[in-house]
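Beneath this line is the structure, given in structure tokens, with notes to follow.
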Amino acid sequence: MKFNLAFAIETLPVILSALWTTIWVTIASCAGAAILGFLLEITRRSGRVMSYVMRFAIDFVRSTPLLVQLYFLYFVLPFYGITLPAFVVGIMGLSIYYSGYLAEVFKAGIDGIPNGQFEAAQSLGLKRFDIVMFVIAPQMLRNIAAPMGNYFVSILKATPYLAVIAVPEMLGEAMEVASDTFRYAEPMLTVGVVFLVLAVTVAHLVRLMEVRLLKSARR
Amino acid sequence: MSFVDILIGIFDGFGVTASVTLWGMAYAVPFALIFGILQHFTTGPARVAVTSIIEFWRSSPVIVLLFVFYYSLPTVGITLSGITVAAMALGLNIGGYGSQAVRAALQSLDPGQVEAGKALGLRRLQILVLIELPQAFKAMTPTFINQFIQLIKGTALVSLITLSDMTFRAKEISQLQYDPVRTYTALLVAYFIVCYPATIFGRWVEKRVAVKGRSQGEI
């Protein structure tokens, strides 16, 4: 079969119709991964036993493929009577996988805060929760903006994995077109171009935000 | 089938996982070195060209890259084996990330090193090979090991283009036995067994490189 450019362009609107799915799945997964990663890191710091348990959990998540984690959630949960919509499983999978990486980012961010900050907060009589929320977190966010932004771009680039568990994001939509028409090359190429443009644009925006954040920090 | 039997069945696919990983490295390492060095040396339009090639491989989602090349190459008359296409797509994606480690490592060297080489009358290429690369190598090793782990995990994708790697074997076993809980748990464990030693090794190297770097700075 020869490559048909006209058909490739024809598939563009169909694929773009799934752009919003890709975007909101990305945003939900970024939020999930950040919250879960922060909880993992805070738990890791809460005691000796927990530090070993959490360290192992983080290493396990980081040492297994995202695809396999998605299969695990998708095929194993229903076996225990938990049937969730595919996109919920997908967001869970992306959140869990990237929480392992973000926990390390949070670790570096917290380690970068001088000890005097903890001590000053304690001497002012703040409770542990208040110390974390109002003293540590704001300073940490500035330290970790750059690596966290990079992981958010990675999450965007990982959303096409969800096509394998039938989430109708852009790659899923392209595969649908392909299996309907028996033409695979054109929709794949189109979805490739769309993802490339999207990823480069978002990466650029993230870099601009970093620069602004660093400027405001230097004030 | 017991858990151990399933695990042994999954490791039947280890050969494919390993050969895609190794062939992938055969693409990734030369690409990372050549393009990292080129990006370090070029300026103006040449640099834009080099950066665009790197960005293409780095910014496209790896699953999309794999599908684009697997389905598009035959339409332009190029037929390659599944392993070759997978090694190329996965390898060059990882190579794109690796090139940034090479460039960053070269840029982080003290300019005095190059000047000293020039003062000794060495040619630019000699300075690169004899002075810059050996020093940069240390800084980029931890990133290379991390990318190697990413590549192993990425090979799970080849199950989607019908290569019988560990993930593919697990899917077969799951269909035959209808025991997704044990099968996918075993698959997670299998990847953990393969990747975790590399994670530990990477951490050890990182620590060594960091400590050595500091002591050199102190002198």
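The values are calculated or read from the model by the stated rules, or taken from the named source; none is laboratory data. Given the structure is predicted, the values throughout are model-derived calculations rather than measurements. Heads up, the Cβs are rebuilt from the backbone with ideal geometry, glycines too, and the neighbour counts pull from every protein chain shown.
Determine if segment A:180-194 includes at least one residue that is polar (S, T, N, Q) and within 11 Å of another protein chain (Cβ to nearest Cβ). Yes, there is a match, as at least one residue in segment A:180-194 is polar (S, T, N, Q) and within 11 Å of another protein chain (Cβ to nearest Cβ). B:Leu128 meets each of the listed conditions (1) within 21 Å of the chain's Cα centre (by Cα); (2) more than 11 Å from chain A (Cβ to nearest Cβ); (3) touching a residue at least 60 places away in the same chain (Cβ under 8 Å) apart from (1).
Part of a helix (DSSP H, G or I) and more than 14 Å from every other protein chain (Cβ to nearest Cβ): is that true of B:Pro74 in this structure? Step through it out loud before you land on a result.
Details: part of a helix (DSSP H, G or I): yes; more than 14 Å from every other protein chain (Cβ to nearest Cβ): no.
The answer is no for B:Pro74.
Here B:Leu92, B:Leu106 are screened, and the one residue that is in a helix (DSSP H, G or I), surrounded by 17 or more Cβ atoms within 10 Å (Cβ to Cβ), in contact with an Asp or Glu (Cβ under 7 Å, 6 or more places away or on another chain) and at pLDDT 90 or above is B:Leu106.
Here's the yes/no breakdown for (1) under 18 Å from A:Arg45 (Cα atoms); (2) assigned to a loop (DSSP other than H, G, I, E, B); (3) of a type outside the set (Val, Ile, Thr):
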{"site": "A:Leu84", "(1), (2), (3)": "no, yes, yes"}
{"site": "A:Ile96", "(1), (2), (3)": "no, no, no"}
{"site": "A:Ala108", "(1), (2), (3)": "yes, no, yes"}
{"site": "A:Gln139", "(1), (2), (3)": "yes, no, yes"}
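Every condition in (1) surrounded by 14 or more Cβ atoms within 10 Å (Cβ to Cβ); (2) closer than 22 Å to B:Tyr191 by Cα; (3) free of Cβ contacts under 8 Å to residues at least 40 places away in the same chain is met by A:Leu67 except one, and the failing one is (3).
Considering segment B:191-210, and only residues there that are more than 9 Å from every other protein chain (Cβ to nearest Cβ) and either among the small types (Gly, Ala, Ser) or buried (at least 18 other Cβ atoms within 10 Å of the Cβ) (or both), the residue that is nearest to B:Gly13 (Cα to Cα) turns out to be B:Gly202.
Are any of the residues in segment A:54-68 part of a helix (DSSP H, G or I) and hydroxyl-bearing (Ser, Thr, Tyr)?
Taking segment A:54-68 first, the residues part of a helix (DSSP H, G or I) are A:54-62, A:66-68.
From what's left, hydroxyl-bearing (Ser, Thr, Tyr): none.
No - not one qualifying residue is present in segment A:54-68.
Would segment A:188-207 turn up any residue that is surrounded by fewer than 18 Cβ atoms within 10 Å (Cβ to Cβ), among the β-branched types (Val, Ile, Thr), over 22 Å from the mean Cα position of the chain (by Cα) and part of a helix (DSSP H, G or I)? So far as segment A:188-207 goes, no, none of its residues is surrounded by fewer than 18 Cβ atoms within 10 Å (Cβ to Cβ), among the β-branched types (Val, Ile, Thr), over 22 Å from the mean Cα position of the chain (by Cα) and part of a helix (DSSP H, G or I).
For the residues A:Val68, A:Val88, A:Val105, the requirement of being farther than 30 Å from B:Pro180 by Cα and of a type in the set (A, V, I, L, M, F, W, C) singles out A:Val105.
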